[in-house]
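FYI, it's all coordinate maths here, none of it is from the lab. These numbers were taken from a predicted model, which means no experiment stands behind them. Glycine gets a Cβ as well: all are built from the backbone with ideal geometry, and neighbour counts include every protein chain shown.
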Amino acid sequence: MQPIHSLHDFFVRSGAEVWLYHLGRRVEPCALETLAAFEAGEMPWPEPWQNEARLGLVFRLGNVRDPLIWFLALPLDEQGQIIPARRDDFVQRLLETLGRSVSADGRESHHEVDNLMQDNPLAFTPALPFRAVMHARANRDMGNVASQHLEPVEAYLSGQQAVDWRALGLQGLADFAVRHDSVQARELAAQLPSLPEDVLTPLCYCLEHVAIDDALALALRDRGDKAADSGDIETFCACVRAIGGADRTIAGAWFDELLDDPDACGPDLLAAIAGRGWPHLEHAERLPRFLERLAERHDTDFMSVARDLAVIPRLRLPLLMTLRESSADTAIGRRLAGLGTVRSQASGN
């Protein structure tokens, strides 16, 4: 029997039924093959967050009906590759708990495996919207019905039934975000201008993890602009975060408009774009403009954000090229002054 060296090995060899989810920048499905290639050092983690590969793992061992849920944060190096030591320690603990051979039915080891998350340095607790969206995705992916909280949310957001919005739960909003169709998206777009902020903001924190219909994206942009005009920064940034999953022409055009206005580019907006709208920064002009706005602000940690974005595989090279090519008289150049290590790294890629 071949030895178990990785998490991927464990799931394959145990015969577990497993569903994996990115829990870094967005809650998105993660293929088991991605985990295998990452653990083997064949690829960087595609969606890093704060130098970690954050994973939600939902799996069943053997004939046990109730799945186990793990939240793991694997440390990354500056290239976004796995730093294997902690993973290796965790796998070793796993094997010591179960014995060197993983049981095929898994019934007797189910609770022992679950207990491994106690005092586990790789374990973390996701923010509540992340947990709600992951549970919504996992329930759908496993063929389960949505939570009981979905029905009142659907009734309220469609505008077809009077519901006290204060009774709506976060899990219901997450279920709606994950399961809504194009008809519901258009109904929500029509209701969006009148939604209370206390509903809109948590809804946006769920919608930021899914693809956004064009009509809904335009409604989010309009509501976001109105919030900005009234000084409601929280609602404004929530709309910016949610529109990150929209078509590039809609989200990109709004981002360009915002980045063209230095007064709009406060630290909260820049954080929202970097954290949830990063796919739209894969653009020859938008990425340098974003970095320039970031560098202009003295209330932002320019290097921390730049390093975090540079670990994203598709942004790494264009970002480092932008840093390398920035002249000394630009905001980026002034931020980089005295940081020879950054310029050295950029020149070497």
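A protection proxy built from the mean count of other Cβ atoms within 10 Å ranks the segments 221-228, 20-27, 33-40, most packed first, as 20-27, 221-228, 33-40.
Would you tally the net charge around ARG241, using a Cβ to Cβ cut-off of less than 12 Å, leaving ARG241 out, and scoring K and R as +1, D and E as -1? If you can, show how the numbers build up before the last one.
Details: positive: ARG25, ARG26, ARG276; negative: GLU208, GLU234, ASP268.
Within the 12 Å Cβ shell, the charges total 0.
The spacing between segment 299-328 and segment 211-237, judged by their C-alpha centroids, is 27 Å.
Remark: C-alpha extents of segment 194-328 on the principal axes read 47, 28, 21 Å, sorted largest to smallest.
Between GLN81 and GLU42, the distance separating the two model label sites (each 7 Å from Cα on the Cα→Cβ line) works out to 1.5 nm. The charge dipole of segment 232-296, taken about its Cα centre with unit charges on the Cβ of Lys, Arg, Asp and Glu (plus for the first two, minus for the last two), comes to roughly 320 debye. At the listed q of 0.15, 0.16, 0.19, 0.23 Å⁻¹, the Debye profile of segment 151-251, built from one uniform point per Cα, gives log10 I(q)/I(0) equal to -0.52, -0.59, -0.85, -1.28.
From the alpha carbon centroid of segment 122-164 to that of segment 28-59 is 24 Å. Working ranking of peptides 137-147, 64-74 by packing, defined as the average number of other Cβ atoms within 10 Å per residue, highest first, is 64-74, 137-147. Apply the Debye scattering formula to the chain, with a single equal point scatterer on each alpha-carbon and no solvent, then give log10 I(q)/I(0) at q = 0.10 Å⁻¹. So the normalised log intensities work out to -0.69.
Which value at 222 nm does the chain reach when only helices count, each DSSP H run of 4 or more adding -39,500 (n - 2.57), with the total divided by all residues and rounded to the nearest 500 deg cm²/dmol?
Numbers: 18 runs with 186 residues, N = 349.
One gets -16000 deg cm²/dmol as the mean residue ellipticity at 222 nm.
A simple spin-label model places the labels of ILE69 and GLN161 2.5 nm from each other, with each point 7 Å out along Cα-to-Cβ.
For the peptides 211-217, 174-180, the ranking by packing is 174-180, 211-217, with the highest mean count of neighbouring Cβ atoms within 10 Å listed first. Structural size metrics of segment 126-204, computed from C-alpha coordinates, are Rg and Dmax of 12.0, 35 Å.
The mean sequence separation of alpha-carbon pairs under 8 Å and at least six residues apart, normalised by the residue count of the chain, gives a relative contact order of 12 percent. Using the alpha-carbon positions of segment 223-265, Rg (one decimal) and Dmax (whole number) come out as 10.0, 26 Å. Projecting the Cα atoms of MET303, PHE255, ALA238 onto the dipole axis of segment 219-328, where Lys and Arg carry +1 and Asp and Glu carry -1 at the beta carbon, places MET303 farthest toward the positive end.
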